[in-house]
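Below: one structure, written as structure tokens.
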Amino acid sequence: MVNAFKNGVDIHQEVASKVFEKPLDEITKEERTKAKAVNFGIVYGISDFGLGEQLNMPRKEAKAYIEQYLEKYSGIKEYMGKIDEEAKEKGFVSTIFGRRRYIPELKSQNYMVRQFGSRAALNMPIQGTAADIMKLAMIEVQKQIEERNLKSKLILQVHDELLLEVPKEEVKEAVELLKTSMENIVELSVPLIAEVTSADSWYGCK
């Protein structure tokens, strides 16, 4: 999976290829959709019932797909187990920068509450780290704007997206600044790729 990211391969197509044991160029749109659902769903501890509902497939088929996925990507299964164990032992999970989220739900007498705690424990190091990276990127972008004495303004952050209001004469420099800052703010085992577009409105940037 790391190699796929490093080589710019479509990660959903790559996963489908591994799970369905088919060449990359033979993966159908439906197979890619299934892989995408698990790639994102696994972060939230998706169940066979949840996947089945999402993809409108029998629960048995969804269960088999999740099992195939975890068999092919055994490192992910190990990671999930490790996070769950650590959360129960320590009572919290952390981002790669050390920011913690305490999860008292894991000690609840209520099974459903404990299940929620397990999903939160799995999700937080991933989504929380992404949030940390965005905050670091925002600080760097603002720093670059000030150091270059630009009139551009950082006005909005939505999930993994930053929105700048930029005078037309600064567009080229702002695009370069934004892309460089977001892609290089941290060094991971996979590249961070930022796509930057410019338009006369936020809607136009889509």
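Structure notes:
- Over the range 88-146, the alpha carbon radius of gyration divided by the compact-protein estimate 2.2 N^0.38 Å works out to 1.47.
- With eigenvalues of the C-alpha gyration tensor scaled by 5 and rooted, the range 142-193, Å: 21, 12, 10
- Leading residue at positive end of dipole, the range 36-86 (Cβ point charges), from GLN68, ILE42, MET80: GLN68
- Look at the dipole of the range 137-196 built from charges on Cβ: of ILE155, ILE193, THR180, the Cα furthest out on the positive end belongs to ILE155.
- Dipole of the range 86-159, positive end: most advanced residue of ASN110, ALA131, THR95 [Cβ charges, Cα centre]: ASN110
- Shape call, the range 73-117: gyration tensor on alpha carbons, a/c limit 1.5: oblate
- When Rg and the Kirkwood Rh are both derived from Cα coordinates, the Rg/Rh ratio for the range 12-55 amounts to 1.00.
- Coarse-grained scattering of the chain at q = 0.08 Å⁻¹, given as base-10 log I(q)/I(0) from a Debye sum over alpha-carbon atoms: -0.38
- Eligible lysines near LYS151 by straight Cα distance, threshold 26 Å, same-chain separation 8 or greater: LYS135, LYS143, LYS168, LYS172, LYS179, LYS206
- Calculated SAXS-style log₁₀ I(q)/I(0) at q = 0.22, 0.26 Å⁻¹ - the range 116-206, Debye, Cα scatterers: -1.12, -1.42
- Rounded percent of accessible protein surface that carbon and sulfur make up, the range 113-167, 1.4 Å probe: 53
- Within the accessible area of the range 11-85, the carbon and sulfur atoms contribute 51%, probe 1.4 Å, all protein chains present.
- Degrees separating the helix 59-72 axis from the principal Cα axis of the chain, which is the longest one: 70
- Net charge dipole, the chain: roughly 660 debye, given to the nearest 20, about the Cα centre with Cβ charges of +1 for Lys and Arg and -1 for Asp and Glu.
- Shape of the range 1-96, Cα gyration tensor, a/c cut at 1.5: oblate
- Candidate lysines for bridging to LYS60, where Cα separation is under 25 Å - those fewer than 8 sequence places away on the same chain excluded: LYS18, LYS22, LYS29, LYS34, LYS36, LYS72, LYS77
- The residues of the range 65-156 have, on average, 64 Å² of accessible surface per residue, using a 1.4 Å probe with all protein chains present.
- Computed magnitude of the charge dipole of the range 1-87 (debye, nearest 20; Cβ of K, R +1, Cβ of D, E -1): 140
The values are calculated or read from the model by the stated rules, or taken from the named source; none is laboratory data. In this text, all values refer to a predicted model and were calculated from it rather than measured experimentally. Reconstructed Cβ throughout: ideal geometry from the backbone, glycine too, with neighbour counts over all protein chains shown. When the accessible area is computed, the model is the full protein with side chains, heavy atoms only, and any ligands, DNA or RNA have been set aside. Shrake-Rupley method; radii C 1.70, N 1.55, O 1.52, S 1.80 Å.
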